[in-house]
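Structure record follows, encoded as structure tokens.
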Amino acid sequence: MLQKNRSLLLILLFLASCAVMQPGPGTQLEEEAHQFFINEEYPSALASYEQIIRSHEGDVTLIPDSVYRNAGLSAFYLDQTGIALNYLNNIRHSEIANAETQYALAILNRQIDNLSREITALESYVESFPEGEHIEKMRERLFETYAKSKNYDKALPLWSEIEDSARKDESLLNNYFNILKELEKEEDELYTVANELLTLNPDNTDALFFLASHYFYQAENRYQSEMEAYEKNRTHRQYAQLLKAFEVVNADFRKSLNYFLHLYSIDPQRRYARFIGNIYLRFEDREKARYYHSKP
């Protein structure tokens with residue numbers, strides 16, 4: 001009896017080992033799906049990968065991360081945003097999430113306006129794949145998303161890593177300009193960038209307003225200072241100094257006026273009209289001052 005049971009046990013073990021050794025249909029299907037993916041036959045690849053995923057609905061832990069990744073990328077290449085995100089989100093923190101995965105996640109999350117997840121994918125790409133095919137575009141977009149999310153301290157050092165040619169792009173340069181303003185950087189640096197922006201686009205309203213305000217307050221502060229000095233010491237010498245100072249003040253007011261008039265022609269806001277009116281008051285042109293001060 002003992003011998004019979006031992007023989008039966010050996011037979012069962014043999015059958016079990018054969019079952020393990022035989023390649024199952026899932027393995028064969030994975031090989032087919034992988035070949036479709038390599039050949040860029042993405043509709044067939046996606047269909048095969050989804051068949052594998054459905055076959056393991058009872059235990060998703062049996063689904064290899066590579067299946068989720070390639071299914072998601074196949075859907076991404078087929079412009080199937082929802083399906084792509086559904087699969088790729090399963091492995092976005094996995095070691096198998098390669099450069100193309102993070103690139104796809106960045107693009108897909110931008111499409112659905114999920115800024116936080118887009119930033120996560122961009123950061124993963126930039127930090128983990130500095131030699132990646134899309135590295136320059138990923139850096140530029142990460143800079144933009146940092147600016148958009150008000151992560152100014154992260155955005156500023158990234159600016160120097162962006163290629164020189166891209167830093168001449170008006171949109172990127174405008175973001176850099178606004179970041180400098182938000183971080184209260186030196187006026188001279190802002191002045192330089194504002195002029196670069198106007199070289200790219202003479203109608204850039206951010207640059208126009210900065211320069212118009214820059215010259216207005218430079219002139220107004222000098223005007224107030226010189227007038228105060230003259231009121232304290234009404235001598236011929238002090239008056240001569242006042243007249244000389246007014247030459248510089250008036251030149252700055254004219255620069256400011258030109259910028260504000262240009263700005264007002266683009267976007268007739270009341271606050272621009274108030275500045276223009278105040279400048280005409282300094283030029284003692286009360287008629288024009290009243291005209292602009294009356295603007296709604």
In the stretch 31-61, the residues that are in a loop (DSSP other than H, G, I, E, B) and under 34 Å from the mean Cα position of the chain (by Cα): ASN39, GLU40, GLU41
Taking GLU41 and the conditions (1) closer than 26 Å to GLY132 by Cβ; (2) among the acidic types (Asp, Glu); (3) surrounded by 14 or more Cβ atoms within 10 Å (Cβ to Cβ); (4) touching a residue at least 24 places away in the same chain (Cβ under 8 Å), which numbered condition does it fall short on, given that it satisfies the others? (4)
What is the number of the single condition among (1) surrounded by 17 or more Cβ atoms within 10 Å (Cβ to Cβ); (2) touching a His at 6+ places or on another chain (Cβ under 7 Å) that ARG274 does not meet? (1)
For residues that are of a type outside the set (Val, Ile, Thr), farther than 22 Å from GLU31 by Cα and exposed (fewer than 15 other Cβ atoms within 10 Å of the Cβ), tally how many sit in the stretch 87-115. 4
Please go through the stretch 96-151 and give me each residue that is free of Cβ contacts under 8 Å to residues at least 24 places away in the same chain, farther than 22 Å from ARG167 by Cβ and not in a helix (DSSP H, G or I), ordered by number. ASP113, ASN114
Would you confirm, using the coordinates I've provided, whether SER66 is surrounded by fewer than 17 Cβ atoms within 10 Å (Cβ to Cβ), part of a helix (DSSP H, G or I) and in contact with a Ser or Thr (Cβ under 9 Å, 6 or more places away or on another chain)? no
It is to be established whether one or more residues within the stretch 68-86 are acidic (Asp, Glu) and on the phi < 0 side of the Ramachandran plot. no
Unmet requirement for VAL193, which otherwise passes all of (1) surrounded by 14 or more Cβ atoms within 10 Å (Cβ to Cβ); (2) among the β-branched types (Val, Ile, Thr); (3) over 30 Å from ILE276 (Cα atoms): (3)
Inside the stretch 268-296, the number of residues satisfying the requirement of being within 19 Å of HIS214 (Cα to Cα) and either assigned to a loop (DSSP other than H, G, I, E, B) or touching a helix residue (DSSP H, G or I) at 6+ places or on another chain (Cβ under 7 Å) (or both) is 12
Looking only at the stretch 178-193, count how many residues are under 20 Å from the mean Cα position of the chain (by Cα) and either charged (D, E, K, R) or in a helix (DSSP H, G or I) (or both). 6
Looking at (1) in contact (Cβ under 8 Å) with a residue 12 or more places away in the chain; (2) of a type outside the set (Val, Ile, Thr); (3) more than 21 Å from LEU73 (Cβ to Cβ); (4) outside any loop (DSSP other than H, G, I, E, B), which is the only condition LYS154 fails? (1)
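Bear in mind these aren't lab numbers, they're just calculated from the coordinates by the rules spelled out. Note that the coordinates shown come from a computational prediction; the quantities given were computed from them, not determined experimentally. Positions of Cβ are backbone-derived with ideal geometry, glycine not excepted, and every protein chain shown enters the neighbour counts.
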